[in-house]
Amino acid sequence: VVGERGAGKTTLITEIYERFLRGPFAGLLFAGSRTLTGFEKRCYLARLVSGAAAPDTERTSVQAGLRFFHLGLASLVSLRRVDLLISERAGESYREARNAPAKVRGFLELTKARTIVFVLDGARVANDRLREETFSSVRQLVRATAESDVISPGVEIQLVTTKIDLLQSETLAHARESVAQFEQRIKEAYGDRFTKITSWRTAARNPSANAEPALGVAPLLQSWLSPPNPPPTSIASPVLHDEFDHFLFRVRKT
Ligand SMILES: Nc1nc2c(ncn2[C@@H]2O[C@H](COP(=O)(O)OP(=O)(O)O)[C@@H](O)[C@H]2O)c(=O)[nH]1
Ligand SMILES: [Mg+2]
């Protein structure tokens, strides 16, 4: 999940986890997570116990580097389990890559991803003075990704506009229209480079009362579980030669 600071990346990821605390979500069952502590830490400010007046999300620090969130999920229908790894890095970290496609190589999560989510901050898009700058920042990142030879054409590129609760007013029709134009231009410009480019709208955390929680998040999560170029379901173990390797295997089995 790639985007500027404050765009709503952490909120999007942690709201998914919050949904599973309440039961099945998006036709999926929660089957475990190896990053429970990370989720809980990030959710804290959104909860009542934090004592804050409104839900908030902790700042992602640059020092923390690359982090992964893990979700084990099972389909309610088939019970087939899928493990999802969602990466997060402070927004600032990707800045230097915007004008230097060679730097994309250094971002392991981009080179390994099945789906790359570019987040557009709906709050900034709603603001006439910040809108173009917001588009341009995402456009540069998409271009750097497209020009980098380490990104596979099979990866799904997603443009996700967050905080759409802030874009719903009638006076903002022009802002919604420019989002649609932006999405269209990216699809036209990079349709040859990537097999699949999709666009989404979410309001992961709509602070207004009686709003639908995690608006637009369920279909997005489902799309992450069925990327156009899915990973192999089993990976053959390497041929073991020496006694040390065999020893490791025997220890694992017991
Ligand atoms: N109105 C509204 N605010 C949101 C939404 N999602 C996130 N925010 C707020 O946007 C701010 C930045 O979010 P955060 O997830 O920390 O952004 P990140 O820096 O990209 O990880 C926080 O104060 C969130 O409460 C949303 O759907 N609607
Ligand atoms: Mg964050």
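Descriptive notes on the structure:
- In the range 201-254, of all residues being on the phi > 0 side of the Ramachandran plot and at pLDDT 85 or above, the one that is least open to solvent (accessible area, probe 1.4 Å) corresponds to 214.
- Of all residues in the range 1-28, those satisfying the criterion of being farther than 30 Å from residue 133 by Cβ and open to solvent by less than 60 Å² (accessible area, probe 1.4 Å) are 17, 18, 19, 20, 23, 25, 26, 27, 28.
- Unmet criterion (only one of (1) within 16 Å of ligand 2 (Cβ to nearest atom); (2) open to solvent by 10 Å² or more (accessible area, probe 1.4 Å)) for residue 143: (1)
- Residues (part of a helix (DSSP H, G or I), surrounded by fewer than 18 Cβ atoms within 10 Å (Cβ to Cβ) and away from ligand 2 (no atom under 16 Å from the Cβ)) located in the range 79-101: 96, 101
- Helices (runs of 4 or more DSSP H) completely within the range 135-254 that count 3 or more residues being touching a residue at least 60 places away in the same chain (Cβ under 8 Å): 217-225
- Within the option set 159, 167, being in contact with a helix residue (DSSP H, G or I) (Cβ under 8 Å, 6 or more places away or on another chain) and over 22 Å from residue 95 (Cβ atoms) holds for one residue only, 167.
- Residue list for the range 1-46, filter: part of a loop (DSSP other than H, G, I, E, B) and within 15 Å of ligand 2 (Cβ to nearest atom): 1, 3, 4, 5, 6, 7, 8, 35
The values are calculated or read from the model by the stated rules, or taken from the named source; none is laboratory data. None of the values given here were measured: they were computed from a predicted structure. Reconstructed Cβ throughout: ideal geometry from the backbone, glycine too, with neighbour counts over all protein chains shown. Protein only, heavy atoms only, side chains kept; ligands, DNA and RNA dropped before computing areas. Shrake-Rupley method; radii C 1.70, N 1.55, O 1.52, S 1.80 Å.
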